[in-house]
Amino acid sequence: METIASLKNEFIETARALGSGKGRRLAGRLLLEGEQILLWAIQYNVAIDFIITSLPAVDHIISRVPYPVRVFTTTEGLMKKITGTSYLVPLIGVGRAVPDNRGNDFILVLDDVRDHGNIGTIVRTANAFGITGVVATGDDFDLYRRKTIEASRGTVFRTRCSTFSSPGEAIRYLRDNGFQIVTTSPRGSELQSLVRLASQPVALVVGNESGGASDEFMKHSDVVMRIPMMEQVESLNVGVAAGISVYELRLKQVIQMIEERIKTTLGRELNVASMLFREALDREMRRVSSLSSDQLVFLMVLRCDATMSRSGIQRQFGILDAEFGGFMGLLEGEGMVTEASPDRYSITEKGIEIIGKLWPVVEGTEQRILSDFTEDETKKLFEMLKRIERNSMRLP
């Protein structure tokens with residue numbers, strides 16, 4: 001470890017400049033005061049530039065940093081000068097936050113929220129629900145005050161923050177980026193539990209501790225909602241209110257996402273496509289034959305497989321016991337299928353002849369369905385369907 005003995009040392013001066021929000025914004029760096037904050041910074045991947053300490057041993061901290069870092073020792077007096085405190089903070093670090101940029105479907109808007117402890121609590125709650133984006137109004141907004149870092153348990157280090165000088169600028173940013181603006185306020189016209197979200201990212205606005213959300217946000221929000229409370233309770237602490245709203249809206253958003261995913265799952269899409277294809281083929285078949293599309297496809301499969309068991313037919317074509325007689329009755333009655341052995345069926349020459357006669361119907365229907373596909377797209381479609389079949393069969 002290197003020793004620093006002068007207040008004018010460049011590393012001491014760098015660290016001291018980070019004691020103010022303005023200094024942190026200008027330098028794009030953070031002052032990490034104390035062992036716990038330094039450990040949180042390491043946990044949340046802050047890039048540590050250097051460490052200064054008056055402690056005789058800090059190996060238990062240095063060993064946690066996953067890369068080489070410069071460490072300086074100095075006096076307790078100089079440590080107090082760095083932190084600007086009358087009490088000793090024996091260990092500090094200087095670093096750069098690396099926010100988590102994943103996910104942008106839900107962000108928190110802190111509209112002139114000023115209490116540093118409230119800000120940290122809100123950020124910590126948001127992070128617990130996977131929300132790492134914050135928009136703030138006010139040029140002097142600062143996530144990296146010591147009190148805020150402590151209240152957030154270090155989660156501010158992974159939080160990305162966009163700061164705007166006025167609510168109007170923040171609103172324009174949210175609109176430009178496709179957010180629905182949902183403001184929580186005791187003056188809200190809708191109950192939070194009854195709010196229906198649109199299918200777009202959510203920006204949840206919480207307001208100032210004493211005045212609540214600004215008039216601009218109240219005017220330009222898509223939804224202004226209130227948390228239902230007993231009449232004797234005038235309002236909630238902004239951190240508590242934010243936590244309740246984040247929980248309920250995030251739950252609504254997840255349920256909505258699940259509903260949308262259900263509608264677009266692979267199994268559902270394949271099932272819908274198959275059903276619509278069969279309906280189209282049935283319409284064409286009814287013009288020239290008494291067979292259904294399922295019966296024709298069954299004949300085609302039977303032609304390839306030679307024989308099939310009753311259970312195999314029912315499983316592959318989704319035929320219930322009560323439906324089996326009706327499905328096979330016409331095929332056996334017209335001599336297209338015969339029972340080769342008990343509960344095993346094979347196709348007859350007449351069945352093969354019927355396939356040949358009806359094949360143009362199948363081919364024509366298929367061509368019309370794929371009429372806006374290029375030859376290459378059609379080929380790739382069949383290749384992908386084959387891959388789906390193979391991969392499905394590989395699953396245990």
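The values are calculated or read from the model by the stated rules, or taken from the named source; none is laboratory data. Nothing here was measured: the structure is a model prediction, and the numbers come from that model. Backbone-built Cβ (ideal geometry, glycine too); neighbour counts: all protein chains shown. Areas reflect the complete protein model, heavy atoms only, side chains present, ligands, DNA and RNA absent. Shrake-Rupley method; radii C 1.70, N 1.55, O 1.52, S 1.80 Å.
Those residues that are surrounded by fewer than 18 Cβ atoms within 10 Å (Cβ to Cβ) and part of a loop (DSSP other than H, G, I, E, B), I need them from region 154-175; list them, please.
Ser165, Ser166
What is the one condition in (1) more than 30 Å from Arg172 (Cβ to Cβ); (2) without any contact (Cβ under 8 Å) to a residue 40 or more places away in the chain; (3) in contact with a Leu (Cβ under 6 Å, 6 or more places away or on another chain) that Ala136 does not satisfy?
Unmet for Ala136, out of (1) more than 30 Å from Arg172 (Cβ to Cβ); (2) without any contact (Cβ under 8 Å) to a residue 40 or more places away in the chain; (3) in contact with a Leu (Cβ under 6 Å, 6 or more places away or on another chain): (1).
Output the residue which, of all residues in region 182-224 that are touching a Lys or Arg at 6+ places or on another chain (Cβ under 8 Å) and among the aliphatic types (A, V, I, L, M), is surrounded by the fewest Cβ atoms within 10 Å (Cβ to Cβ).
Restricting to residues being touching a Lys or Arg at 6+ places or on another chain (Cβ under 8 Å) and among the aliphatic types (A, V, I, L, M), the top hit is Leu191.
Mind checking which strands (runs of 3 or more DSSP E) fall wholly inside region 282-347 and carry at least 1 residues that are out of contact with any Pro (no Cβ under 8 Å at 6 or more places or on another chain), open to solvent by 40 Å² or more (accessible area, probe 1.4 Å) and of a type in the set (Asp, Glu)?
The qualifying strands (runs of 3 or more DSSP E) are 337-341.
Filter region 347-395 for residues that are aliphatic (A, V, I, L, M), in contact (Cβ under 8 Å) with a residue 40 or more places away in the chain and in contact with a helix residue (DSSP H, G or I) (Cβ under 7 Å, 6 or more places away or on another chain) and give the result.
Hits for region 347-395 are Ile347, Ile352, Ile354, Ile355, Leu358, Val361, Val362, Ile369.
Could you tell me which numbered condition Trp359 fails, if it satisfies all but one of (1) open to solvent by 50 Å² or more (accessible area, probe 1.4 Å); (2) among the aromatic types (Phe, Trp, Tyr); (3) more than 22 Å from Leu270 (Cα to Cα); (4) not in a helix (DSSP H, G or I)?
If we test Trp359 against (1) open to solvent by 50 Å² or more (accessible area, probe 1.4 Å); (2) among the aromatic types (Phe, Trp, Tyr); (3) more than 22 Å from Leu270 (Cα to Cα); (4) not in a helix (DSSP H, G or I), just (4) comes out false.
I'd like the full set of residues that are free of Cβ contacts under 8 Å to residues at least 40 places away in the same chain, open to solvent by less than 40 Å² (accessible area, probe 1.4 Å) and aliphatic (A, V, I, L, M), limited to region 60-102.
Residues satisfying the conditions are Ile61, Val65, Val69, Met79.
Applying the selection to region 303-325, what residues are under 22 Å from Phe277 (Cα atoms) and more than 46 Å from the chain's Cα centre (by Cα)?
If the condition is that a residue be under 22 Å from Phe277 (Cα atoms) and more than 46 Å from the chain's Cα centre (by Cα), then Arg303 is the only one that fits.
Of all residues in region 43-57, count the ones that are free of Cβ contacts under 8 Å to residues at least 60 places away in the same chain and either small (Gly, Ala, Ser) or closer than 11 Å to Val98 by Cα (or both).
Final tally of qualifying residues: 4.
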